[in-house]
Each structure stands twice: as structure tokens, then as C-alpha cells.
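The values are calculated or read from the model by the stated rules, or taken from the named source; none is laboratory data. As the structure is a computational prediction, the values presented were derived from the model and not from experiment. Note: ideal-geometry Cβ built from the backbone for every residue, glycine included; neighbour counts use all protein chains shown.
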Ligand SMILES: [Zn+2]
């Protein structure tokens, strides 16, 4: 089916940009920050309760990205659209770019989309977000300084397929161990948390889009980070984890980074 045009209603942004001129050594990306479904898509046929779940957004990820952006004086780009509308961490041709079901929940508004509707979603919600990331990274590359480290911030459900995940935080690095090794060591050193190393998610360039496209392609340092959702569900947890993560970055890089 084709989709209705949004008409002359207030424009809904595809992304949010914070601290575009931040001077820190990092650029923060948050693909799954929002559970917003554009008005014209009528909640994709889902009840509000479904849009509050992890299938619609990475719970806590946007908030912890904002805290880190302030702590690190880092530009941060957030997708402003639910991953159920379009998953900004999938390749434009991927079948699950616009999922017809997610974690067992059928998504009625994504069933039987026409090619034109698919293209329309890519152009309206996916491309502007990634273009904004490119503008920030290109500007940084033009400056006479070291390339920034790209941090893709996500959160993971505490249980998946009935099994509890043991890791409070997980780093996905694929084969690039430059930042992964010292970060794993720094996060594990206190001895009180389990840190996932390429689990539960490896960073697969054939599946993931954001880090491969924006960071691997440039050979810039990066990490994809998953905070477990029960650890970052409230403000105190998010603040604690942001501090802990930033302190580990400082230790891993061997220099102070906090602003
Ligand atoms: Zn995510």
C-alpha cells in the first residue's frame, strides 16, 4: 500500500543534533533514541503500550547519549524516528530496514508496503539522519586534528528469548580492537560488572549500517556500545553509567577527556 502524505502539519524532524561545535574527541550517534511514529503513519496500527517497549526504541539510550554529549563536549546526532518506522542501523536494501514484525509483535503498518512507500520512508527519515552524521564527520575531518572516535550508543533488552543477559554493558567492535581492548580492560578492572565483548552482538558490516558506513569506511576509531536497559532505566542509573563509561574512556586513552 502507499502511504498518506503528511500534509501541512508541523514538520517532524528526522534527527536531533546537539553540540554540533563540541570540541571533544568523540562524536556520539544514537540510531534508536526515539519511539516517535510520524502522525501520518497512525502509530503503525500499534497500541501505545507497544510503542513504549524496546521494539520501538532503545530504552535509556537517548538520555545517556545526551549525558555523555555534555560530559565529553561531543556532538551528538539522534534519530528522531522509531526503529519500527525505519531502522537507521540497517542497510537501505535490508529486509528488516522496515520490520514487518519485531520480537514476535506484528507491525501492521509495515505489512505489504509498496516500493514507493519504502523509498519514501528512506528519503524522509533515514537519509536526513545519516546526512547529518556525514556533515558533522566531514567537518571534523576538515579540521587539522586527529579524527574523532565515533561512539554508537544503544541499549539492549535485559532478557532475550527468555534468557537473562549477564552483561551490564557490551562493546561491539568487529575486528577493530584498537579501542575495544583498552576499554574492556578499563570497564572490567573494578571487577563488579560483566562486560560483553562482541556479544550479544558482533558488529557485522553486512547487517549493521551506522558504524560500517560512517567509521569503518574512514578507518576511524569507533565502538558500538550496548547498555543493558535495566541499568539505564532511571536517571540515577544513566548518570552512574555515563560517569563510569567516561572514566573508562579516559583510562583507555590514557588522558583526561572530561569537560
Ligand atoms: Zn539499538
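Quick rundown of the values:
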read-out	value
Selection count, region 91-106, where residues are within 18 Å of residue 33 (Cβ to Cβ) and in contact with a strand residue (DSSP E or B) (Cβ under 8 Å, 6 or more places away or on another chain)	1
Residues of region 53-92 that turn out to be assigned to a loop (DSSP other than H, G, I, E, B) and within 16 Å of the ligand (Cβ to nearest atom), as a count	19
Selection status of residue 179, modelled with pLDDT of 95 or more, more than 16 Å from the ligand (Cβ to nearest atom) and within 20 Å of the chain's Cα centre (by Cα)	yes
Matching residues in region 93-126 - criterion: being assigned to a loop (DSSP other than H, G, I, E, B) and within 16 Å of the ligand (Cβ to nearest atom)	94, 98, 99, 103
Residues of region 25-44 satisfying the condition of being touching a helix residue (DSSP H, G or I) at 6+ places or on another chain (Cβ under 7 Å) and within 16 Å of the ligand (Cβ to nearest atom)	28, 29, 30, 31, 32, 33, 34, 35
Residues satisfying the stated conditions in region 127-161, i.e. part of a loop (DSSP other than H, G, I, E, B) and within 16 Å of the ligand (Cβ to nearest atom)	157, 158
Residue that is modelled with the highest pLDDT, among those in region 123-146 that are touching a helix residue (DSSP H, G or I) at 6+ places or on another chain (Cβ under 8 Å) and surrounded by fewer than 17 Cβ atoms within 10 Å (Cβ to Cβ)	134
Single match in 236, 170 (criterion: more than 15 Å from the ligand (Cβ to nearest atom) and either free of Cβ contacts under 8 Å to residues at least 24 places away in the same chain or outside any loop (DSSP other than H, G, I, E, B) (or both))	236
Subset of region 198-211 (residues that are within 25 Å of residue 127 (Cβ to Cβ) and away from the ligand (no atom under 15 Å from the Cβ))	205, 206
Checklist (1) over 17 Å from residue 214 (Cβ atoms); (2) in contact (Cβ under 8 Å) with a residue 60 or more places away in the chain applied to residue 26, failing item	(1)
Yes/no for residue 109 being out of contact with any strand residue (DSSP E or B) (no Cβ under 6 Å at 6 or more places or on another chain), at pLDDT below 95 and closer than 20 Å to residue 46 by Cβ	no
